[in-house]
Amino acid sequence: MINLLIFGPPGAGKGTQAAFVAQKYNLKHISSGELLRQEAKDGEFKDEVAKYLDAGHLVPDELITKIIKDELEDTDKKQGVLLDGYPRTIKQAEFLDSLLKDNNRQLNLVINLELEDDIAISRIMSRGENSGRADDRSEIIKKRFHIYHQETEPLLNYYKNQKKLKHVNGRPDVEAVKKELEETIEKLLNK
Ligand code: AMP
């Protein structure tokens with residue numbers, strides 16, 4: 001069983017690529033953004049969660065961590081997971097390590113989908129026209145990048161120290177990125 005994390009700035013293509021990888025390797029795709037958008041629609045704390053999402057702020061660690069914990073505990077013990085969008089802070093990463101351990105799992109690989117801010121921003125702007133996401137607006141996008149660099153990017157070092165980090169260039173088209181991701185994962189499986 002493998003457990004993966006897909007990492008990268010907003011707009012790098014994490015969601016698209018994660019859906020592909022999850023299907024190909026039969027992993028459960030756990031997308032924190034999707035889970036939170038669902039929660040904001042009809043969850044117990046919907047008004048509170050929607051406030052954070054619409055402003056482009058991170059929801060509190062405790063809230064997202066509880067949601068991820070429930071998802072992990074609901075996953076078939078034999079099925080691997082693909083985490084997408086969680087963790088986003090060092091605190092979440094530390095919690096995830098212990099949570100995975102409690103579930104007899106460990107992260108095998110962290111894939112960083114690399115993309116420069118300006119390209120990522122223009123991708124989000126063009127997605128904004130039809131994504132229906134309230135946070136795909138220019139002031140909010142700026143805020144999301146700021147938070148990414150401040151809070152989330154330091155995780156690269158965290159996983160580099162754990163020797164789990166691999167970089168994949170997110171610039172080429174979707175098909176080319178898929179191929180590079182596949183090669184990276186095949187290498188892991190053949191080890
Ligand atoms: P995403 O779909 O990954 O871009 O996430 C959309 C939004 O959900 C983010 O801008 C945050 O408001 C929230 N979010 C997603 N994942 C997390 C997380 N791990 N911690 C806190 N907030 C999150």
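The set of residues in the range 105-121 that are part of a loop (DSSP other than H, G, I, E, B) and loosely packed, with under 15 Cβ neighbours inside 10 Å comprises Gln106, Glu116. Within the range 125-147, none of the residues are of a type in the set (S, T, N, Q) and under 13 Å from Thr89 (Cβ atoms).
Residues of the range 19-63 that are touching a residue at least 60 places away in the same chain (Cβ under 8 Å) and within 30 Å of Leu189 (Cα to Cα): Phe20, Val21, Ala22, Lys24, Tyr25.
Yes or no, residue by residue, for (1) at pLDDT 95 or above; (2) not in a helix (DSSP H, G or I); (3) not acidic (Asp, Glu):
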{"residue": "Asp136", "(1), (2), (3)": "no, yes, no"}
{"residue": "Glu139", "(1), (2), (3)": "no, no, no"}
{"residue": "Leu156", "(1), (2), (3)": "yes, no, yes"}
{"residue": "Lys166", "(1), (2), (3)": "yes, yes, yes"}
{"residue": "Glu183", "(1), (2), (3)": "yes, no, no"}
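For Ala12, the conditions (1) in contact with a helix residue (DSSP H, G or I) (Cβ under 7 Å, 6 or more places away or on another chain); (2) without any contact (Cβ under 8 Å) to a residue 40 or more places away in the chain all hold with the exception of (2). Taking the criterion of being within 26 Å of Gly56 (Cβ to Cβ), aliphatic (A, V, I, L, M) and open to solvent by 10 Å² or more (accessible area, probe 1.4 Å), the only residue of the range 1-21 that qualifies is Ala19.
When only residues in the range 75-104 that are within 24 Å of Val168 (Cα to Cα) and assigned to a loop (DSSP other than H, G, I, E, B) count, which is most open to solvent (accessible area, probe 1.4 Å)? Top of the filtered list is Arg88. For the range 141-150, which positions are in contact with a helix residue (DSSP H, G or I) (Cβ under 8 Å, 6 or more places away or on another chain) and at pLDDT 95 or above? Within the range 141-150, Phe145 is the sole residue that qualifies.
Matching residues to (1) within 15 Å of the ligand (Cβ to nearest atom); (2) closer than 13 Å to Phe7 by Cα; (3) of a type in the set (Phe, Trp, Tyr); (4) touching an Asp or Glu at 6+ places or on another chain (Cβ under 7 Å):
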{"site": "Asn130", "(1), (2), (3), (4)": "no, no, no, no"}
{"site": "Ser138", "(1), (2), (3), (4)": "yes, no, no, no"}
{"site": "Tyr158", "(1), (2), (3), (4)": "yes, yes, yes, no"}
{"site": "Ala176", "(1), (2), (3), (4)": "no, no, no, no"}
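The values are calculated or read from the model by the stated rules, or taken from the named source; none is laboratory data. Because the structure is a prediction, the values reported are computed rather than measured. For neighbour counting, all protein chains shown are included, and Cβ atoms are generated from backbone atoms with ideal geometry for every residue, glycine included. Just so you know, the surface numbers come from the protein's heavy atoms only, side chains and all, with ligands and any DNA or RNA stripped out. Shrake-Rupley method; radii C 1.70, N 1.55, O 1.52, S 1.80 Å.
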